[in-house]
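The values are calculated or read from the model by the stated rules, or taken from the named source; none is laboratory data. Please read these numbers as outputs of a predicted model, since none were measured by experiment. Note that we place each Cβ from the backbone using ideal geometry, even for glycine, and neighbour counts take in every protein chain shown. Ligands, DNA and RNA are excluded from the accessible area calculation, which covers all protein heavy atoms including side chains. Shrake-Rupley method; radii C 1.70, N 1.55, O 1.52, S 1.80 Å.
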Amino acid sequence: MDKIEKIQESRERLLNDLYASVRYTPDPQTDLVAMMAQYIKEEPENRPPLLEHIRHCMDGEPYPNPYARQSSYLERDVDQCGKILNDYAAAMEACDGSAEEIKRLAGEVTGKTNRLNEACGGGLIDTWRRDRLCEFINGTAELAGAKPGQDMTYGQRMW
C-alpha cells in the first residue's frame with residue numbers, strides 16, 4: 001500500500017467509525033464488544049441491565065443499540081467533518097509547497113476540527129479518532145512537502 005492509499009485509508013476509517021455511531025446497523029459481534037466495554041466501565045450497581053443486553057445479544061434476541069447513548073453528534077456533523085477533510089486535501093493539492101503555506105493549511109483544518117468537536121460536546125474525536133485524524137492531516141501535509149514525522153496539529157488541537 002503506498003503513502004496516498006494509507007492516508008486515504010486513515011480518512012475513510014475515521015469517517016466510517018463516526019458514521020457507525022449515527023447509522024446503526026445491528027452487528028452482534030461488534031455490538032457485543034461495545035456492550036462489554038460499557039459493562040466494564042460502568043459502576044457495579046448499574047451493570048445488571050447491561051448484562052441483560054449482553055445476554056440478549058449472545059442469544060440472538062433483540063437488544064438496544066449499544067451506541068445510542070454514546071453519540072453526542074449527528075450525521076450532519078460527520079458530513080461536515082468529511083467536508084473539512086476533503087477541503088483540506090484539495091487545498092494541500094493546490095498549495096505552493098512552502099513550509100508556511102503547509103503550516104497555515106494544517107492549522108486551518110485543525111482549528112475547524114477543534115470547533116466542530118467543541119460544537120459536538122467534545123464527543124466527535126476520541127483518542128482512536130484523533131490518531132486517524134492526525135495520520136490524515138500529517139500525511140497529507142507530507143505529500144505537499146512537509147517534513148516526514150512532523151505533527152502539524154501539535155499545540156493547536158483540542159482533541
Exercise for review: Determine the distance separating the Cα centre of segment 83-131 from the Cα centre of segment 1-80; give it in Å without decimals.
Suggested key: 24
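What does the charge add up to near GLU135, with Lys and Arg as +1, Asp and Glu as -1, over the other residues with Cβ less than 10 Å from its Cβ? Could you put the intermediate results ahead of the total?
Values: positive: LYS6, ARG11, ARG13, ARG130, ARG132; negative: GLU9, ASP131.
That sum, taken over residues with Cβ under 10 Å, equals +3.
With a 10 Å radius around each residue's Cβ, average the other Cβ atoms per peptide and rank 47-58, 127-138, highest first. Mind dumping the intermediate values first?
Details: 47-58: 15.0, 127-138: 18.2.
Per-residue mean Cβ counts within 10 Å order the peptides as 127-138, 47-58.
When ligands, DNA and RNA are left out and all protein chains stay put, how many square angstrom of accessible area per residue does segment 17-68 have with a 1.4 Å probe?
Working: 3430 Å² over 52 residues.
I get 66 Å² per residue for this part.
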Check your understanding: What angle, in degrees between 0 and 90 and rounded to the nearest 10, separates the Cα long axis of helix 75-94 from the longest principal axis of the Cα atoms of the chain?
Key -> 20
Revision key, fill the gap. Farthest towards the positive end of the dipole of the chain, among GLN38, PRO64, PRO26 and with Cβ unit charges of +1 on Lys and Arg and -1 on Asp and Glu, lies the Cα of GLN38
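Can you give the Rg to Rh ratio for segment 33-77, taking only C-alpha atoms and Rh from Kirkwood?
Working: Rg = 11.9 Å, Rh = 11.5 Å.
Ratio of gyration radius to Kirkwood radius for segment 33-77: 1.03.
Using the Cβ atoms and a cut-off under 13 Å, what net charge is assigned to the surroundings of GLN156, where Lys and Arg are +1 and Asp and Glu are -1? If you can, show how the numbers build up before the last one.
Details: positive: LYS103, ARG104, LYS112, ARG115, ARG130, ARG157; negative: GLU108, ASP151.
Summing Lys and Arg as +1 and Asp and Glu as -1 gives +4.
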Revision key, fill the gap. In nm, the gap between the two label points placed 7 Å beyond Cα toward Cβ at CYS95 and ASP79 is 2.8
Review point. By how many degrees, 0 to 90 and rounded to 10, does the Cα axis of helix 48-58 deviate from the longest principal axis of the chain?
Key: 80
Point to revise | Value at 222 nm in deg cm²/dmol, rounded to 500, when DSSP H runs of n ≥ 4 in the chain each add -39,500 (n - 2.57) | key: -22000 deg cm²/dmol
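Grab the beta carbon distance between LYS41 and ASP131, set R0 = 22 Å, and tell me the FRET efficiency rounded to 0.05. Before the final figure, lay out each step's value.
Values: r = 20 Å, r/R0 = 0.92.
It comes to 0.65.
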Point to revise | Cross-link partners of LYS3 among lysines (Cα-Cα below 29 Å; sequence separation of 8 or more within a chain) | key: LYS83, LYS103, LYS112, LYS147
Review point. So how do GLU42, GLU108 rank on accessible area, 1.4 Å probe, biggest first, that is with the largest at the start?
Key: GLU108, GLU42
Check your understanding: Using the alpha-carbon atoms, what tilt in degrees (0 to 90, nearest 10) does helix 127-144 show relative to the longest principal axis of the chain?
Key -> 20
Check your understanding: Which percent of the accessible heavy-atom area of segment 54-155 goes to carbon and sulfur, probe 1.4 angstrom?
Key -> 49
